[in-house]
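*Asks:* Dropping a structure here in structure tokens format, bear with me for questions.
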Amino acid sequence: MLKLNFKIALRNLWRNRTSSIINIGGLAIGLSSCLLLLLYAGYEYGYDKQFRDSGNVYQAMVNAYDESGNVANTHGFTQNVLASALQAELAGLSEVARTTEAYKRLVTYQGNNMKLDNRYADPAFLKVFDYQYISGNPEKALSDPNSIILTESAAKRLFGTADVLNRAVKFENQVDLKVTAVIKNLPANVSYPFETLVPWTIYEQLNNWVARMNWGNHEFFTLLVLNKEVDADQVNLKLKGMVNKYLPNAKEDIFIYPLKRLHLYGDFVNGKSSGGKIKQVQVFVGLAIGILLIACINFMNLATAHSQKRAKEIGIKKTIGATKASLVFQFMLESMILTTISILISIAAVEVSLPWFNHLLDIQITIDYTNPLNWIILGAVLVLTGFAAGSYPAFYLSGFNPVQALKKTLNFKRGYVLNLRQLLVIFQFSFAIVLIASTITIYKQLQFIKDRPLGYQEKALIEITHEGLLYERYDLLKDKLLADGAVVGVTQLSGSLTNRNGTIRDLKWEGMSAADRLIDFDQIYTTYDFIKTTGVTLLAGRDFNKKFASDTAGILLSKKAVAMMGLKNPIGSKIVNQGVVRTVLGVFNDLVWGDRTKFEVPMVITFTDGISEDITMRLNPQKSITESTAAIQRIVHELNPDFPVDIRFLDNLNEEKLKNEVTLAKLSNVFGGLAIFISCLGLFGLSAFSIEQRTKEIGVRKVLGASIGELTTLLSINFLKLVLTAIVIAMPVAYILMDHWLQNFDVKTSLSWWIFLFTGGFTLFIALVTVSWQTYAAARANPVKALKYE
Amino acid sequence: MIKLENIEKYYANKGVKSYILRHVSTTINQGEFVSVMGPSGAGKSTLLNILGMLEEPTYGTYEFMGEDVTSLNERKRIELYRNHIGFVFQAYHLIDEMTVAENIEAPLLYKKIGGAERKSRVADMLDRFNIVGKKDLFPNQLSGGQQQLVGIARALAAQPSIILADEPTGNLQSAQALQIMELFKKLNKEEGITIIQVTHSELNATYGSRILHLLDGVIKEDLKV
């Protein structure tokens, strides 16, 4: 029986090729989208959950308070002394370890220089995360003061092999370290990735200030493992007020937060978790389900549309002894076969599109075919899809009365069934329209942000890291670069112009009010030629200039800073910044430092030599970029031979900043396109069917004198009505969704009427083309053929 | 075998009853070959549908093999279809997606007959109706007469005790019709299968043992041939 049903199902598929292709194609597209997005969601959900103790790992977090005692912000940067304090204060703490941000550090092996992402960490870090060791002893790997742990790929790049235990490398050109362990490459979805791991003691040895006990400096991450029976909430109650014991006037509290939640629920409002990346993941999962659903709708619609064809078969089977259950089973089997074919196609499609998808989202997903969980999920998707797509037709068709089915007097409950089919089509198109309108809005916002003036000239502006011998040879470097003619301006900055990384409060000036003490100013430290190099617009005054010795105590203010400070004549006025009295030399137009979607904040540019992270340069517009960069490479390498030279273009760095929005735009573009495509496939199938049913009517009308135009309209109008209804329903939904999304940005575009007009017109046009493709052909056909039909 | 008592069938439309069958009472015994005749709209097909339990009478009782089947639940009805009743239709009603052999095999599958037994019964049927060479063809590759032969073979495969045939030769040319009628007669005579057929043709009716004349839903005449 099963074999026969199987054979018949395949014959049916073959016989109705057009609708089979529409069904399988639509389902395969829907399933591929769904699987891709589910893989992505799984990737995000899997963050930091790969380790044995993942459930008990917590990160120490800081709630920083403002004057009135409200939480001003919540972050994970903690003090260097916190770990030992926690160990002293908390019972039930099994491990605690500090680590740093991952920075590129110079690692050398036999003249092979390489910058690798390095973290410094306490030995207990290896207890918090049980990595997979290729060689080395996890108990001792970080205990030896001169040890270094490498990942497999880092070892291979540096040594050419992973079998490198006990080999010596030079670190930051300063210390000799011995490889004490090589670990398998970390999964991409961990919050603390690295290529090399070096003991904290080396960090202290290389940087004196790190070793000093300091409750004021928030720089590091503190990770801890609680014993299973310990309740995190109880711990947090205990931690309240702890910092004040050590630093009486501290305005902060420490709390612990589960690490496995941090990635997805990393946003905090008033010190309470308020979501985070989970929102994006939820949007994607919703998208996955939505697209799969509209593909299933195609299936249901086409299956019920073809019910008349199958009515006879059902009638016969009932008279020769088929039960309703066996018919339901047969139709479900057909649906499952179709879904299985689709899922096989979609697995191939996912494999093919995965590199593109990974590139798009900048993630690293691979399909693990050996993981039984993946197969279970795939099986669940298969069964659910097959059931969702097949259940309605199965129960609907198998309920036919045999006499009516055979006598062709079957009453197809016209109103009811057609209404359901109409509703489904309306649902499909509404979904697609919301996606299209969203896509356009997201692109418009993206363009709006991109077009926003930065306040400096990002083109032809480059930066390199200030490191090694470049500190003592900065002036020499500047002279050489300018003499060569590769650049026309050089300055040093305390942080990249593209990355907001320093604020200051407690500035003092004449005429300030008490509350002004709490204004946060963005601050960059620099030396000479700041304006000249960056191309920031000067509104009044001048740049820092070597000719004036007193400029070393100078400061520049942004327009907004001047306004907020209430300075009438800013030039020449005195400002006390961290105890130093400084003279305002110039006022510059506000610039975007970091996030382009945020409003400008007041900003000061302070002259200070020695606090510099980046050397920023303006390329000579007279020379080609390749020529200039080659010259810079050469000169910098001459002066600082031990460090590879990494030239970064600021326009590229700024581009990177918009990655999230670009990703969202691309995704909604792709999946919006797919949604409208699947919906149109369904419409195509339905209109083909409707025309087939109305062949005789078309013939009669033609004989009675209807024109091709009239017939095309007659046949198309019903479908266009559905699309119009969908437009009416979808527009407000799209408006509300996009209005909500735009609230994320300070700087936002408007939701123009043309977006909706265009979306509506576009959808209607596509639907019209889809439908009239067939209606026109049907209307043109010879009426004799149509009338012979019966 | 069949006992109808006071069977009535009507449709009520806006309070007006339009009768299809009125006061139909009759008994049909095992081994009879009954032809139901009458003009269009006399209620012949409805009577056959009621006999086949495809429709329920509005009123009256129907006993099939000594059991009241006037309103039978679906499970029991299907049980009867599987074991006792074979249908033959005017439009043949073969399943288009199945080959000749598969069409004949289909009722045996529903009857849950074992594979070997099925094979032999299908082979037997193909042999008996001289359609072995056509067993892998699909219905649309056969002539009308051939299709009807397959239809009868399918009805017989389940070894029913009664065959209900609704104008079995209505779509056929006379030579083919003759062949089918000879077949019915033979089945009736040699295997004792009860046959009830609806027909327009006087000639066809002569093959049977009894004729029921229907007019406006009433049995006008009950003739032994």
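*Asks:* Take each uninterrupted DSSP H stretch in chain A, measure its Cα extent along the helix axis, and return the ones at 27 Å or beyond whose mean Kyte-Doolittle hydropathy is at least 1.6.
*Replies:* Result, helices passing both filters: A:278-305.
*Asks:* Which trypsin sites (Lys or Arg not before Pro) in the stretch A:682-763 pass both tests, a DSSP loop state and at most 11 other beta-carbon atoms within 10 Å?
*Replies:* Filter output for the stretch A:682-763: empty list.
*Asks:* On a 0 to 90° scale, report how tilted helix B:100-110 is relative to the longest principal axis of chain B, with both axes built from alpha carbons and the result rounded to the nearest 10.
*Replies:* Once rounded, one gets 60 degrees.
*Asks:* Given the -39500 (n - 2.57) contribution per DSSP H run of 4+ residues, what per-residue ellipticity at 222 nm results for chain A, rounded to the nearest 500 deg cm²/dmol?
*Replies:* The helix contribution divided over chain A gives -16500 deg cm²/dmol.
*Asks:* Classify the stretch A:158-316 as rounded, prolate or oblate from the Cα gyration tensor: take a ≥ b ≥ c as the square roots of its eigenvalues, call it rounded if a/c is under 1.5, otherwise prolate when a/b beats b/c and oblate if not.
*Replies:* Oblate, because a/c is 1.5 or more while a/b does not exceed b/c.
*Asks:* Please give every one of the lysines within straight-line cross-link reach of A:K547, meaning a C-alpha to C-alpha distance under 16 Å, and leave out same-chain neighbours fewer than 8 residues apart.
*Replies:* A:K532
*Asks:* Could you derive backbone 3J(HN,Hα) for the stretch A:100-110 from the dihedral phi with the Karplus parameters 6.51, -1.76 and 1.60 (θ = phi - 60°), listing whole Hz in sequence and x where the residue is Gly or Pro?
*Replies:* Residue by residue, the stretch A:100-110 yields 10, 5, 7, 10, 5, 10, 7, 10, 10, 9, 6 Hz.
*Asks:* Moving on to the next point. Collect residues whose amide H, placed 1.01 Å from N in the peptide plane, falls under 5 Å from the amide H of B:Y59; neighbours closer than 5 in sequence don't count.
*Replies:* Hits under the 5 Å cutoff: B:E8.
*Asks:* Between A:L237 and A:F448, with labels modelled 7 Å along Cα→Cβ, what's the label distance in nm to one decimal, could you check?
*Replies:* Simple spin-label model gives 4.8 nm for this pair.
*Asks:* Further question on the same structure: Under the rule of -39500 (n - 2.57) per DSSP H run of 4 or more residues, summed and divided by the residues of chain B, what mean residue ellipticity at 222 nm is obtained, to the nearest 500 deg cm²/dmol?
*Replies:* Computed ellipticity for chain B at 222 nm equals -10500 deg cm²/dmol.
*Asks:* Still on this structure, I have one more. Please give me, ordered by residue number, the trypsin sites (Lys or Arg not before Pro) of the stretch A:467-517 that lie in loop per DSSP and have at most 14 other Cβ atoms within 10 Å.
*Replies:* A:R505
*Asks:* While we're looking at this one, here's another question. Over chain A, what relative contact order in percent results from Cα pairs under 8 Å that are six or more residues apart?
*Replies:* Relative contact order of chain A: 14 percent.
*Asks:* So how many Lys-Lys pairs in the stretch B:1-154 land under 14 Å Cα to Cα, not counting same-chain pairs under 8 apart?
*Replies:* Lysine pairs, 8 or more places apart or on different chains, close enough: 5.
*Asks:* Do any trypsin sites (Lys or Arg not before Pro) in the stretch B:42-83 lie in a loop, going by DSSP, with at most 16 other beta-carbon atoms within 10 Å of their beta carbon, and if so which?
*Replies:* Counting only loop positions with at most 16 other Cβ atoms within 10 Å, none of the trypsin sites (Lys or Arg not before Pro) in the stretch B:42-83 qualifies.
*Asks:* Averaged over peptide B:93-100, how many Cβ atoms belonging to another chain are found within 10 Å of each residue's Cβ?
*Replies:* 6
*Asks:* Check B:R210: other-chain or 5+ apart residues with amide H under 5 Å from its amide H, H built from backbone geometry?
*Replies:* Residues meeting the criterion, in which the H sits 1.01 Å from N, are B:F33, B:S35, B:V225.
*Asks:* Would you pull out the residues with amide H under 5 Å of A:L226's amide H, same chain only if 5 or more places away, H placed 1.01 Å from N?
*Replies:* Hits under the 5 Å cutoff: A:Y58, A:S94.
*Asks:* Which whole-angstrom value gives the distance between the alpha carbon centres of the stretch A:281-305 and the stretch A:36-86?
*Replies:* A separation of 36 Å, based on Cα centres.
*Asks:* Classify the stretch A:218-268 as rounded, prolate or oblate from the Cα gyration tensor: take a ≥ b ≥ c as the square roots of its eigenvalues, call it rounded if a/c is under 1.5, otherwise prolate when a/b beats b/c and oblate if not.
*Replies:* The shape class here is oblate.
*Asks:* Tabulate in residue order the Karplus-calculated ³J(HN,Hα) for the stretch B:31-46, using 6.51 cos²θ - 1.76 cosθ + 1.60 with θ = phi - 60°, rounded to whole Hz; enter x for Gly and Pro.
*Replies:* The phi angles translate into x, 7, 10, 9, 10, 9, 10, x, x, 4, x, 7, x, 4, 5, 4 Hz.
*Asks:* I've got another one for you. Taking the Cβ of A:G485 as the center, what net charge do the other residues with Cβ under 10 Å away carry, scoring Lys and Arg +1 and Asp and Glu -1?
*Replies:* Result for the neighbourhood of A:G485: -1.
*Asks:* Rounded, prolate or oblate for the stretch A:114-201? Axes are the square roots of the Cα gyration tensor eigenvalues, ordered a ≥ b ≥ c, and the cut-off for rounded is a/c under 1.5.
*Replies:* Note, shape of the stretch A:114-201 comes out rounded.
*Asks:* Compute the acute angle (0 to 90°) between the alpha-carbon long axis of helix B:74-83 and the principal axis of greatest extent of the alpha-carbon atoms of chain B; round to the nearest 10°.
*Replies:* With both axes taken from Cα atoms, the answer is about 50 degrees.
*Asks:* Just how many pairs of Lys in the stretch A:660-790 have C-alpha atoms closer than 22 Å, counting pairs that are eight or more places apart or on different chains?
*Replies:* Qualifying lysine pairs in the stretch A:660-790: 5.
*Asks:* Let me check against my output: what whole-number percent is the relative contact order of the stretch A:461-655, with C-alpha pairs under 8 Å and at least 6 apart?
*Replies:* It rounds to 36 percent for the stretch A:461-655.
*Asks:* Quick one: helix B:115-128 against the long Cα principal axis of chain B, what's the angle to the nearest 10°, folded into 0 to 90?
*Replies:* 80 degrees
Each value in this text was obtained by applying a stated rule to the coordinates, not by laboratory testing. Quick caveat: nothing in here was measured; it's all calculated off a predicted structure. All Cβ positions, glycine included, derive from the backbone under ideal geometry; neighbour counts span all protein chains shown.
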